[in-house]
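First the structure, in the form of structure tokens, and then the observations on it.
Read the figures in this text as sums done on the coordinates, not as results from a lab. None of these values were measured; they are calculated from a predicted model. Glycine gets a Cβ as well: all are built from the backbone with ideal geometry, and neighbour counts include every protein chain shown.
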């Protein structure tokens, strides 16, 4: 006979089991434990509960628990990490790899699709993550000649047709292109958004006043296989340098970090919602650069536990800060979560990606990563002569690119 | 009766009920485990204060589910807020890590969309802001109060009328 897990003995002395209702105040440590499991928006709201609660984010014990919880719930959705390695000065071909956790030696190289067989120097992956197994590749970062959707699991590709000339400003020369790729869950459609910046000539700062040089925005729908103009009013004063221009796709929205060429305009995150087809901006967090030399700051957007996070790397201090955004569009909702460093020889490094609490960066031309939980640094063995890298997240999918659409 | 060589440990709840539980279940209660290890002689019966028989019933339910790999099926939905807090205190006293995580998450889930007023009542906290202080901090975090499924503040609701 199997031994029971538990046996409840009859007790004749007990008259009735009463669910005694005591005035049960939970002790402080339990309260903090509970709070550390709340989403950031709720926490910000509950700052208004009382004076001591308003100091929650200054409570080290609480912040440690909060950080742990955020790191604990890492993304197990994406199972692979991809890495694109670029040669110094982007002078020779770039290569695509599946990055193994053990390091570069165990990483598997994959050929680019046939559309890029001729020339694969400047191939960039838009958005840093796959969507249903699809990566959006562009040939040429700012002078983009071609955009191709590629599923490396199935090898299927779809070349995005160029946008019609009628959509462009007739009297201006297209100069720079910026792209975003995403999925609209409402219409079940993949879309590519494109910004065309026009050649400003040599008009100096006056150019920003002349709205006829404003960039044009267009959107491509895979379902209709066509482009349409978007009415987006944004000042043509932002630039998206290579790392920021790759952008980040998360949850139906595409994000870029935009730095203004005008000194009186603050940096911000620009976000495009693929379902609503609207753009919004979120100004950079206040007080994040406090004490650091912002002359050499580098910004990078990553996703952390389903939220957007901004990594600010301060070159001089070899330190980086991570702020998480609780609500899109709300500057006040940036929460400064981590400060890491000073890290050895992080001065000459660039952040190249993030996955599963591991931040990848390029140091002296090598690929290195740091685990945010332990702050341990690991070299990945991609030694070489000052390569550049882009690291992103991928999840295999055998879904056909076009098959989803009738 | 219960001895260290037996498979069952006897636990006596605050309301006098005795539960004979499998050693493995007793092991998940770090408080009980410590008592067993510290005892010089074999322990006859371990009293567990602050734990009632209805708590033990739920603890046993949770244990059975987790042993079967179905811990996700455990639910405390039927408990009202006071009952849940009560249970949480019992589990905290017994120092049961996994169940404590589950219950604190359950409380967090209940509070997530609630108003500031609700949270004050829940934890029995006084509003010690002056009206000006409250207005200032409220304004600063106003965006956190906006959202379709967020419970509106009681006093603000009245003002709208």
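Remark: A:153, A:60 ranked as A:60, A:153, counting other beta-carbon atoms within 10 Å and listing the fewest first. Legend: calculated FRET efficiency, residue A:166 to residue A:233, from the Cβ-Cβ distance at R0 = 22 Å, rounded to 0.05, equals 0.65.
Fewest-first ordering of B:13, B:130 by other beta carbons within 10 Å of each residue's beta carbon gives B:130, B:13. Relative contact order, whole percent, for chain B stands at 18, derived from Cα pairs under 8 Å and 6 or more residues apart.
Peptide A:51-64 is shielded by partner chain Cβ atoms: per residue, an average of 2 of them sit within 10 Å of its Cβ. Taking the stretch A:348-379 and a reference point 7 angstrom along Cα→Cβ of residue A:68, the backbone N atoms nearer than 16 Å belong to A:372-375.
Residues considered: A:266, A:166, A:332. Largest GNM mean-square fluctuation over chain A, using C-alpha springs under 10 Å, is found at A:166.
Computed from the C-alpha gyration tensor, the three semi-axes of the ellipsoid equivalent to the stretch A:141-234 are 28, 14, 11 Å, from longest to shortest. With springs only between Cα atoms under 10 Å apart, run a GNM on chain A and tell me which of A:293, A:364, A:189 wobbles the most. Fluctuation is largest for A:293.
Taking other Cβ atoms within 10 Å as a rough exposure proxy, B:20, A:378, B:146 sort from fewest to most as B:146, A:378, B:20.
Once you reduce the stretch A:307-358 and the stretch A:65-106 to the center of their Cα atoms, the two points are 17 Å from each other. Taking every residue in B:80-89 and counting other chain Cβ atoms within 10 Å of its Cβ, the average works out to 4. Across the stretch B:73-161, the fraction of Cα-Cα pairs farther apart than 16 Å, rounded to a whole number, is 65%. Just how many % of Cα pairs in the stretch A:78-185 lie over 19 Å apart, if you round to the nearest whole percent? Here the tail beyond 19 Å accounts for 50 percent of pairs.
Across peptide B:124-131, the mean count of Cβ atoms from other chains lying within 10 Å of each residue's own Cβ comes to 4. Relative contact order for the stretch A:318-365: 31 percent, from Cα pairs under 8 Å spaced at least 6 residues apart, divided by residue count. Modelled spin labels at residue B:33 and residue A:92, positioned 7 Å past Cα toward Cβ, are 5.7 nm from each other. In this structure, residue A:111 and residue A:344 have a Cβ-Cβ separation that, at R0 = 35 Å, corresponds to a calculated FRET efficiency of about 0.45.
Thinking of the stretch A:270-406 as a set of Cα atoms, what percent of all their pairs are more than 24 Å apart? Counting pairs separated by more than 24 Å, the tail of P(r) holds 39 percent.
Across chain A, the relative contact order, built from alpha-carbon pairs under 8 Å that are at least six residues apart, equals 15 percent. Gain on full extension, evaluated as 0.36 nm per residue between residue A:60 and residue A:77 minus their Cα-Cα distance, stands at 3.1 nm. Between the beta carbons of residue B:133 and residue A:278, assuming R0 = 25 Å, the FRET efficiency works out to 0.10 to the nearest 0.05. Full extension of the chain segment joining residue B:44 with residue B:14 gains 9.1 nm, where the gain is 0.36 nm per residue of separation less the Cα-Cα distance. Structure remark: mean-square fluctuation, Gaussian network model of chain A, C-alpha springs under 10 Å; the largest value among A:79, A:184, A:29 belongs to A:29. Model label sites at residue B:121 and residue A:371, defined 7 Å from Cα along the beta-carbon direction, differ in position by 4.6 nm. Binning the alpha carbon pair distances of chain A at 20 angstrom intervals from zero yields the distribution 24, 52, 18, 5, 1, expressed in whole percent.
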